[in-house]
Amino acid sequence: MKQSAEHPEPFESAPAAASNPGSGIDYRLFLDCVHCGLCTAACPTYVETGNENDGPRGRIYLMRSVTDGRLELTQEVRRHLELCLDCRACETACPSGVQYGKLIEPFRVAMEATGGGGEKSHDWFHRWILFRLFPYPERMRAAIAPARWAQFLRLERLVESLGLLNLLPPRLRQLVRMLPPLGKPEPALPEFLPAIGPRRARVALFTGCVGDAIFRPTNWATARVLQQNGCDVIVPRNQACCGAIHFHAGSSEPARDFADRNVNAFDCDDVDAIIVNVAGCGAMLKDYAHHWHDPRQDAREKFARKVKDINEFLDQLGLIPPEGAIRLTATYHDACHLGHAQKLREAPRRLLAKIPGLVLKDLPETDLCCGAAGTYNLTEPEMSARLSQRKLKNILTTGARVVITANAGCLLQIAREARCQGEKLWVAHTIDLLDLSYRREQPPL
Amino acid sequence: MISSALLPIADELRRVVGGENVLAAHSDLVVYECDGFVIEKNCPDVVVFPRSTEDVAAIVKICNRYDVPFLPRGAGTSLAGGCLPVGGGVMIVLTRMKQILEINLRDRYAIVQPGVVNLWLTNALKGTGYHYAPDPSSQGACTIGGNVATNSGGPHTLKYGVTVNHTLGIEGVMTDGSIVEFGGPSEDSPGLDLTGTLVGSEGTLVVVTKVWVRLTRNPEGVRTMLGVFDSADDATNSISAIIGAGIIPAALEMMDQGILVAVEAAFHFGFPPDAKAILLIEVDGLEAGLDAQRDRIVELCLQCGAREVRQARDAAERLLLWKCRKQAFGAVGRLSPSYCTQDGVVPRTKLPYILRRIGQIGEKHGVRIVNVFHAGDGNIHPILLFDERDPAQIERVLEASGEILDECIACGGSVTGEHGIGVEKISFMRKLFNDDDLAAMTRLRVAFNPDNRLSPAKMLPTAGACGMEQKHPGRRAAL
Ligand code: SF4
Ligand code: SF4
């Protein structure tokens, strides 16, 4: 907490051997936790299992006990730590300001390195699907081309209804189900899109990897809305995946490479902000400054300071109100990486309030993770499914026909759950709605 | 490590509730070795998650058969070690019994399982015009079962009363495994008021498996005021003046300068940095008459020397004020690496005196103390700041804490307003009560819990458990 920030004492390392996964963690971060338990009910996995080992206080206690050498890093301990969504709801709930992310992330990275039974990042799924396919938009696009055809031919429903999907390993099944209805492929964004009207800012757009393969329409919408708000938009060509997939799976090195590629691809001095529309990527980009300690840290810090979520940026810039009415009842789901990690809760709501005709209903448990959590839905399908079912149930109580959120993972997850349960819901990004309103169009309901 | 004698019991529990509801591996049990009170630790031998009242009954019978101690646990936010498994044994964790079974607005009650989080009930009632009144500051995490065990309070208990005033009935599993209902949805059931006896018994009489709680109509209007004072005495005098004038505020809370600095750093409300104390005063009820009450309060505070009294501008400012108050202790981490929150009660008129004494005691022991408390009912929460890495400071903090609590007793008060006795304050019981009082309570406990297998060594001093010696005041969050 503040303690670590406000007392600029030298780094206090844990009383642990170098092979101990806690050895690289500033021990004062553990001491910040006063063990009050006020965070527990905010934690999605604890709320589901009721087991304190699956809650924030318990996980901190487990990590600290392993660091202290009181407890072995047993298979059980690993499972409890792996089950963490890294959603940071506990950081929002904690009055003592415990920086949970700074504990779990390095601990998991180190835990992977020490091996053990559950070598998560080394199984086929991580090696081939998550690490080789996801971070590369071109490969991803090629990989989903057959799915596009299958969907076009309505084969997907056939496969699903015949139960053929059940023959696949659960994680792959989850991946197939994840794919949203894929429209016709859109062209890539040009390198430059000029401001419309008086120029108010010059920004660079981060287009992401999975995001660009599946959500290119939302990237287009983001660019258009920025133009409408008087922004010159630059889309740097050499940008890379943000690295979050690797980092959260415990592979720190490849993530650092991605980070440095991005730092090189964006000219920070040339733009007022680097805009991200995927909350998960945004949280990662903003964290570039803290994750690694090496001579390039300053450059990463400079980059990180320029990063702004699209909601945050438009809210601060002052949105030019759109005029097209969208007469619908909608509800807003707080993506963890926006609400908890970036503490942006009001900005998207303020933007949505400017759309004429749109009625926004409160979503119960809006800040409880939907189970997507990066690639969690692929690595922990069972807990993920429990959480997405819970999310959909809450959404249905509001009577809304549109669910709005600002993260790719949540969009896919909620849409998939609705599809599986035969519910007609349109799941969209804040920007999709703003874009429609500027263009005076209606959602495809 | 599970003792070999308990292996068969774990197996038997698994047969009853299923393997997924039993924890017996050492690494799964460590997190259950303490709750919000971290000075004493002890691992349970087995943790079991019942799914129903019948599960609890079966578990209790098994414990009896093997003659092992057992105790209930909810969210584990107790600040007095109420969930500490003294002597090990079976810990019955009720977090999987978390259904709101019924909400009956016409008869104004709800039936909940013990694992329901206090705030979930409030959320479930949103839009109905009713709420569940007890609102402990930990309401986002603590369970109704735990609230019943400790008879929890909260800022709004000044007007609305504590948990016992809102508990209509309890279903519990007796120590012989039988299932008994005490009270129920209707007011005033005849016979002995055993519901009242069970509330606040800290899990030493029965395992609570279902609670009938009273629902309270939302007030028509609310006025929230902030009084700024140049001296703590003026603030405490205002409290007496307000209550003396026959006004019963819904809440009346005080924060002193020390805590204000931290709260301001955390939440940026805009408290004047040189204020010596602030009062947070809320009145609610029928809209008609509220403005008159507000004006009277403003007048009384000004008469007592307030620098400024103003009303919260809007709902958002009111919420922020309450956030500052309810999460005040969390912000204390900004002042000091470790802290220890005490919980004492004094008659309201003794507030100015006890505050001065706390200041003197702090000075005498060289311990910095800040104060935030439920002023309206004289429930004080001095927070003692220290660094846990310095054993000498720990020693001084323990001495100062003891002296403050002794002073509360001397004022005619008590050593716990809402956190309970648990294991933390068991040694004060002999100071609070004489032998006959304690013997009467012990006889009651024996009637419910004859073999003392349920929550042994809690609340009532018995031979061999007359208080553990405290070596370490812990890092404590509270209220
Ligand atoms: S993380 Fe924060 S809220 Fe949770 S137990 Fe620790 S101090 Fe309390
Ligand atoms: S990050 Fe999310 S899942 Fe992990 S402990 Fe915190 S609240 Fe729970």
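Out of all the residues in region A:169-217, which are assigned to a loop (DSSP other than H, G, I, E, B), modelled with pLDDT of 75 or more and under 23 Å from the mean Cα position of the chain (by Cα)? It would help to see each step written out before you state the result.
Step one: of region A:169-217, the residues assigned to a loop (DSSP other than H, G, I, E, B) are A:169, A:179-191, A:194-200, A:207-209, A:215.
Okay, now just the ones that are also modelled with pLDDT of 75 or more, so A:186-191, A:194-200, A:207-208, A:215.
Hits for region A:169-217 are A:188, A:189, A:207, A:208, A:215.
Taking (1) open to solvent by 30 Å² or more (accessible area, probe 1.4 Å); (2) touching a Gly at 6+ places or on another chain (Cβ under 8 Å); (3) at pLDDT below 90 in turn, residue A:256 satisfies each apart from (3). In region A:27-39, of all residues being out of contact with any strand residue (DSSP E or B) (no Cβ under 7 Å at 6 or more places or on another chain) and in contact (Cβ under 8 Å) with a residue 40 or more places away in the chain, the one that is nearest to ligand 2 (Cβ to nearest atom) corresponds to A:39.
Residue A:28 meets the conditions (1) within 16 Å of ligand 1 (Cβ to nearest atom); (2) modelled with pLDDT under 90; (3) farther than 30 Å from residue B:96 by Cβ; (4) crowded, with 19+ Cβ neighbours inside 10 Å in every case but one. The failed one is (4). Among the conditions (1) within 14 Å of chain A (Cβ to nearest Cβ); (2) touching a Cys at 6+ places or on another chain (Cβ under 9 Å), residue B:47 misses just one, which is (2).
Results for (1) within 16 Å of ligand 1 (Cβ to nearest atom); (2) of a type in the set (Asp, Glu); (3) assigned by TED's automatic domain parsing to the domain that holds residue A:340; (4) more than 28 Å from residue A:279 (Cβ to Cβ), shown as yes or no for each residue.
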{"residue": "A:32", "(1), (2), (3), (4)": "yes, yes, no, no"}
{"residue": "A:38", "(1), (2), (3), (4)": "yes, no, no, no"}
{"residue": "A:73", "(1), (2), (3), (4)": "no, no, no, yes"}
{"residue": "A:77", "(1), (2), (3), (4)": "no, no, no, yes"}
{"residue": "A:105", "(1), (2), (3), (4)": "yes, yes, no, no"}
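Annotation for region A:350-370: no member residue is within 16 Å of ligand 1 (Cβ to nearest atom) and open to solvent by less than 40 Å² (accessible area, probe 1.4 Å).
Against the list (1) within 16 Å of ligand 2 (Cβ to nearest atom); (2) modelled with pLDDT of 90 or more, the condition residue A:430 fails is (1). Could you look through region B:9-37, keep only residues that are buried (at least 19 other Cβ atoms within 10 Å of the Cβ) and of a type in the set (Val, Ile, Thr), and pick out the one that is farthest from residue A:65 (Cα to Cα)? Filtering region B:9-37 for residues that are buried (at least 19 other Cβ atoms within 10 Å of the Cβ) and of a type in the set (Val, Ile, Thr), the one farthest from residue A:65 (Cα to Cα) comes out as B:17. So, of the residues in region B:259-272 that are modelled with pLDDT under 90 and assigned to a helix (DSSP H, G or I), which turns out to be surrounded by the most Cβ atoms within 10 Å (Cβ to Cβ)? Filtering region B:259-272 for residues that are modelled with pLDDT under 90 and assigned to a helix (DSSP H, G or I), the one surrounded by the most Cβ atoms within 10 Å (Cβ to Cβ) comes out as B:263.
Among the residues of region B:377-407, those that are assigned to a helix (DSSP H, G or I) and under 25 Å from residue B:153 (Cβ atoms) comprise B:377, B:397, B:400, B:401, B:402, B:403, B:404, B:405, B:406, B:407.
Step by step: first the residues of region A:90-117, then only those that are among the small types (Gly, Ala, Ser) and within 11 Å of chain B (Cβ to nearest Cβ), then the one that is nearest to ligand 2 (Cβ to nearest atom). Which residue is that? Let's see the steps before the verdict.
Pass one, region A:90-117, residues among the small types (Gly, Ala, Ser): A:93, A:96-97, A:101, A:110, A:113, A:115-117.
Next cut, within 11 Å of chain B (Cβ to nearest Cβ) only: A:93, A:96-97.
Details: A:93: 8, A:96: 14, A:97: 14 Å.
Selected residue: A:93.
At least 1 residues being within 14 Å of another protein chain (Cβ to nearest Cβ) and of a type in the set (A, V, I, L, M, F, W, C) is the threshold, and among the strands (runs of 3 or more DSSP E) wholly inside region B:273-358 those reaching it are B:338-341. How about region A:54-76: which of its residues are within 14 Å of ligand 2 (Cβ to nearest atom) and β-branched (Val, Ile, Thr)? A:60 - this is the single residue of region A:54-76 that is within 14 Å of ligand 2 (Cβ to nearest atom) and β-branched (Val, Ile, Thr).
Keeping to region A:53-76, report how many residues are closer than 15 Å to residue B:24 by Cβ, within 8 Å of chain B (Cβ to nearest Cβ) and assigned to a helix (DSSP H, G or I). Spell out the reasoning first.
As a first pass, look at region A:53-76 and keep what is closer than 15 Å to residue B:24 by Cβ: A:53, A:74-76.
Now narrow it down to the ones that are within 8 Å of chain B (Cβ to nearest Cβ): A:53, A:74, A:76.
Pick out the ones that are also assigned to a helix (DSSP H, G or I) and you get A:53, A:76.
The number of residues fulfilling the criteria is 2.
Which of the residues spanning region A:15-42 are within 10 Å of chain B (Cβ to nearest Cβ) and closer than 24 Å to residue A:369 by Cβ? Listed by number, the residues that qualify are A:32, A:33, A:35, A:36, A:37, A:38, A:39, A:40, A:41, A:42.
Annotation note: Cβ proximity below 6 Å between a residue of region A:339-358 that is under 26 Å from residue A:325 (Cβ atoms) and away from chain B (no Cβ under 14 Å) and a residue that is away from ligand 1 (no atom under 16 Å from the Cβ) and of a type in the set (Phe, Trp, Tyr) (sequence gap 6+ or interchain) occurs for no pair.
The values are calculated or read from the model by the stated rules, or taken from the named source; none is laboratory data. Please read all numbers here as calculations on a predicted model, not as lab measurements. With ideal geometry, Cβ positions are generated from the backbone for all residues, glycine too; neighbour counts draw on all protein chains shown. Surface areas here come from the heavy atoms of the whole protein model, side chains and all, with no ligands, DNA or RNA. Shrake-Rupley method; radii C 1.70, N 1.55, O 1.52, S 1.80 Å.
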